[in-house]
Amino acid sequence: MKDINFLVSENPFERELKKEKKSASAVKVIALVLVMAVGTAILLAPGIYVRILDGRALAVEQKLTDAKYSEVRTVKAQLANVTRKVDNKKAVINGIDARNIPASQALLIIENALPSGCYLRSVKFSGNSVSVSGVAENSLIVSDFLGKMDRLKLFESSSQGMSLKETQSAVEFSVTYTAKIEGGNRK
């Protein structure tokens, strides 16, 4: 009879397990290196991109400071200066308009307030004051005209700027009004 040794001194799968352990650790190392490379790239990418953009901006700035664009810069400065002067003049004109009533508006108001039987000889307009002189058939028509002008509350009359003169056939009158409202643009 043969002696059977049930004790196995050698494991036939031992070699394969060692190979798997070595290959598994190599895969882990490669994966770890790959993760670190991707992480480093992600962290460095914005800095690299910013440097690229800074380089492009510097190149554009150098192109703009080139001598061939100096005339354009001069013209642009002159245009800005002219625009500033025009804006100042617009402000002055708008200020004058805001203090004065427009002449067309004053004439329209006087025309609408004029009763029948009353005729104007002259209308003098200067800024915010209007001087009106005319002839009416009687003093009632003159008072009607003056009353309509006062009711509009656009003009203010003073007793010093008013004169009445009765003749045989008509009443001559003269009155000066000052505008109460502001006309023009209020910018």
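The values are calculated or read from the model by the stated rules, or taken from the named source; none is laboratory data. Keep in mind that what you see is a predicted model, and the values were worked out from it rather than measured. Positions of Cβ are backbone-derived with ideal geometry, glycine not excepted, and every protein chain shown enters the neighbour counts.
Taking the conditions exactly as written (surrounded by fewer than 14 Cβ atoms within 10 Å (Cβ to Cβ) and of a type in the set (S, T, N, Q)), does Asn112 satisfy them or not? Break it down stepwise before answering.
Details: surrounded by fewer than 14 Cβ atoms within 10 Å (Cβ to Cβ): yes; of a type in the set (S, T, N, Q): yes.
It is true that Asn112 is surrounded by fewer than 14 Cβ atoms within 10 Å (Cβ to Cβ) and of a type in the set (S, T, N, Q).
So which residues in the stretch 72-129 are under 25 Å from the mean Cα position of the chain (by Cα) and of a type in the set (A, V, I, L, M, F, W, C), if there are any at all?
Val75, Ala77, Leu79, Ala80, Val82, Val86, Ala91, Val92, Ile93, Ile96, Ala98
Just one of Asn94, Asn112 is under 30 Å from Glu137 (Cα atoms) and of a type in the set (S, T, N, Q); which is it? Give the steps one after another, and end with the answer.
Working: Asn94 fails: under 30 Å from Glu137 (Cα atoms).
Of the residues listed, the single one that is under 30 Å from Glu137 (Cα atoms) and of a type in the set (S, T, N, Q) is Asn112.
For the stretch 56-82: of the residues being at pLDDT below 85 and aliphatic (A, V, I, L, M), which is surrounded by the fewest Cβ atoms within 10 Å (Cβ to Cβ)?
Of everything passing the filter in the stretch 56-82, Ala67 is surrounded by the fewest Cβ atoms within 10 Å (Cβ to Cβ).
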